[in-house]
Structure formats: structure tokens, C-alpha cells
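Engineer: Take this structure, written in C-alpha cells, and hold onto it; I'll ask about it next.
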Amino acid sequence: MGERHKYMSIVNWTIAQVSEGNFLPGARFLSEHQLTQRFSCSRQTVRRALEVLEQRGVVKRIQGSGTFISDSAQYPTSDQPRSMTVGLIVTYMDTYIFPSVVRGVGDVLSKQGYGMQLSWTDNSVAGESAALRMMMDKQLDGLIIEPTRSALPCANSDLYHLLSEQGIPVVFIDSYYPELPFPHVALDDIQAGWMATDHLIGRGHRHIACILPHTNRQGHLRYLGHVKALREHAYPIKEEDILW
């Protein structure tokens, strides 16, 4: 995880510690030096985390005295009002698996009394940017996002950065951006590529082509699984049989 995003680990850890009562209102918080040691990061990263915590009302910094937990820390608690709405951003709406995904998310949310705010990106960076900006204008309890062109560096990391600062929980589905510190739910794509190739070899096939999407992380991981299976069976890797 890069320094740019590592500060959110400090922010999230601090909020959890305060929520669990490990740091009481008015108590002295860890020093910058203690935080750099605990999280193995730079002073700059720690200071950025403290800025965010202060903006959220979790801590207050007193020059010459140190950092203290706010008397009325404004971190999320079960007592605060909830919008009972979760945002869902997918790449497409009406093709492949996406209608089923939308229905599945909607069914689970409705059973829990939640509504859903839906958007899609058309698998473009500009579309993802527009969808994220729209969602940030809504009052949401969380966001479920299918990344756009996940094999490429995230071009909208600044917007994801803002989501973190706003304290909006984010979960990626189907894939993820490795440079962003959000949890994800996805297939084991390396294992999937291995299973498909191993199955065909087990059926006696010897000349196996592999067709993969070059802009999605899933394709790159499935390629690794495909290659792994070929090597395990001592089959040559033929570049002309790999189509991106």
C-alpha cells in the first residue's frame, strides 16, 4: 500500500479504537513518533491522517501539548441517523451478468430495509468519474463498486481518496484496484484459469487457446492460472495461442 493511501489505515484504526472505548474522550492520543513506529510510515503520512481525523472531529491538536481525543468525537456510531441507502456502480446495466448482479444486490438490500442508488460507467474512466461524483452528492451509507478497466492504474484515485475522507465505506466486486485500500469480493481468478485449462487437458485436449480481456485484472489473473496449469502438465506456453 502506498504512502498516499496508508494514512487511511491510521484513520480507520483510530476510529475503531475510539469506537471500542480504547481511547476515551479527552484522553491523550498517540504521538506522531508512536504512530510512525506502529504503522511503519513517514511523518508526512501520520500528519495527513491526523488532519483527516481532526476534520472529522475525532481528535484535536493543541500546539505544544499534543493530540487529544475530542470530547464529542464525531465518528460514525449506531446512534447517528442513517440514510438506509447504498450506492451500486457497475460497468454495464443490460448485458452479461450485470442484470442478475443488480437484482441480487437489490434483493439483499431490500430485505434489510435499505434502498439502492444505481449508476453505471460503460467501462470508461470518464463514466466512472461521473458515477463517483454523482454518488458523493448523495447521502449514502456505503458504496458497492465494480472497477472500470481494473488492469490499468486507477485514473480516478483522487475521487476514491475523497470517498475515504468522507468516511463512506466502499467494497469492490468482481475485481479491485490494488493501489487502493478497499476490501473486495471476487472470484479466485488464478484458480479459475487453472481449473479451466486443467479440465481441458484432462479431457485429452492438447492445443488450447486462451482469450482474455486485456483491460480487466481478471484476465491477467486468469492468464496466470492458465500458464500454471500448462507448466504443471509440462505443456509449452505458446504466445500465439494467447489472445488479448
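The values are calculated or read from the model by the stated rules, or taken from the named source; none is laboratory data. Because the structure is predicted, anything quoted here is derived from the model rather than measured. Please note: Cβ atoms are built from the backbone with ideal geometry, for glycine as well, and neighbour counts cover all protein chains shown.
Engineer: All but one of (1) in a loop (DSSP other than H, G, I, E, B); (2) at pLDDT 95 or above hold for residue 214; which doesn't?
Structural biologist: Evaluating residue 214 over (1) in a loop (DSSP other than H, G, I, E, B); (2) at pLDDT 95 or above leaves (2) as the failure.
Engineer: Let me ask something else about it. When you scan segment 140-173, how many residues do you find that are in a loop (DSSP other than H, G, I, E, B) and touching a strand residue (DSSP E or B) at 6+ places or on another chain (Cβ under 7 Å)?
Structural biologist: The number of residues fulfilling the criteria is 6.
Engineer: When the residues of segment 161-174 are narrowed to those that are under 9 Å from the mean Cα position of the chain (by Cα) and crowded, with 18+ Cβ neighbours inside 10 Å, which ends up farthest from residue 218 (Cα to Cα)?
Structural biologist: For segment 161-174, the residue satisfying everything is 170.
Engineer: Separate question: Can you work out which of the residues in segment 16-72 that are loosely packed, with under 15 Cβ neighbours inside 10 Å and among the hydroxyl-bearing types (Ser, Thr, Tyr) is modelled with the lowest pLDDT?
Structural biologist: If we take residues in segment 16-72 being loosely packed, with under 15 Cβ neighbours inside 10 Å and among the hydroxyl-bearing types (Ser, Thr, Tyr), then 72 is modelled with the lowest pLDDT.
Engineer: Does segment 182-200 contain any residue that is touching a residue at least 40 places away in the same chain (Cβ under 8 Å), crowded, with 17+ Cβ neighbours inside 10 Å and out of contact with any helix residue (DSSP H, G or I) (no Cβ under 7 Å at 6 or more places or on another chain)? Quick ask: steps written out before the conclusion?
Structural biologist: The initial filter retains those residues of segment 182-200 that are touching a residue at least 40 places away in the same chain (Cβ under 8 Å), namely none.
No: zero hits.
Engineer: Find all pairs meeting these conditions: Cβ atoms under 8 angstrom apart; at least six residues apart or on different chains; first residue within segment 87-100 and over 13 Å from residue 147 (Cβ atoms); second residue in a loop (DSSP other than H, G, I, E, B) and β-branched (Val, Ile, Thr).
Structural biologist: Pairs that qualify, where the first residue is over 13 Å from residue 147 (Cβ atoms) and the partner is in a loop (DSSP other than H, G, I, E, B) and β-branched (Val, Ile, Thr), are 98/91.
Engineer: Something else now. If you scan segment 25-39, which residues turn out to be touching a strand residue (DSSP E or B) at 6+ places or on another chain (Cβ under 8 Å) and among the aliphatic types (A, V, I, L, M)?
Structural biologist: Residues satisfying the conditions are 27, 30.
Engineer: Please enumerate the residues belonging to segment 14-38 that are in contact (Cβ under 8 Å) with a residue 12 or more places away in the chain and touching a Phe, Trp or Tyr at 6+ places or on another chain (Cβ under 8 Å).
Structural biologist: Within segment 14-38, 14, 15, 18, 19, 23, 26, 27, 28, 29 qualify.
Engineer: Does residue 177 satisfy being crowded, with 16+ Cβ neighbours inside 10 Å, touching a Cys at 6+ places or on another chain (Cβ under 6 Å) and not hydrophobic (A, V, I, L, M, F, W, C)?
Structural biologist: Numbers: crowded, with 16+ Cβ neighbours inside 10 Å: yes; touching a Cys at 6+ places or on another chain (Cβ under 6 Å): yes; not hydrophobic (A, V, I, L, M, F, W, C): yes.
In short, yes.
Engineer: In segment 136-150, what count of residues is obtained for those that are modelled with pLDDT under 95 and of a type in the set (A, V, I, L, M, F, W, C)?
Structural biologist: The number of residues fulfilling the criteria is 2.
Engineer: How many residues does segment 128-181 contain that are charged (D, E, K, R) and closer than 23 Å to residue 9 by Cβ?
Structural biologist: Of the residues in that region, 4 qualify.
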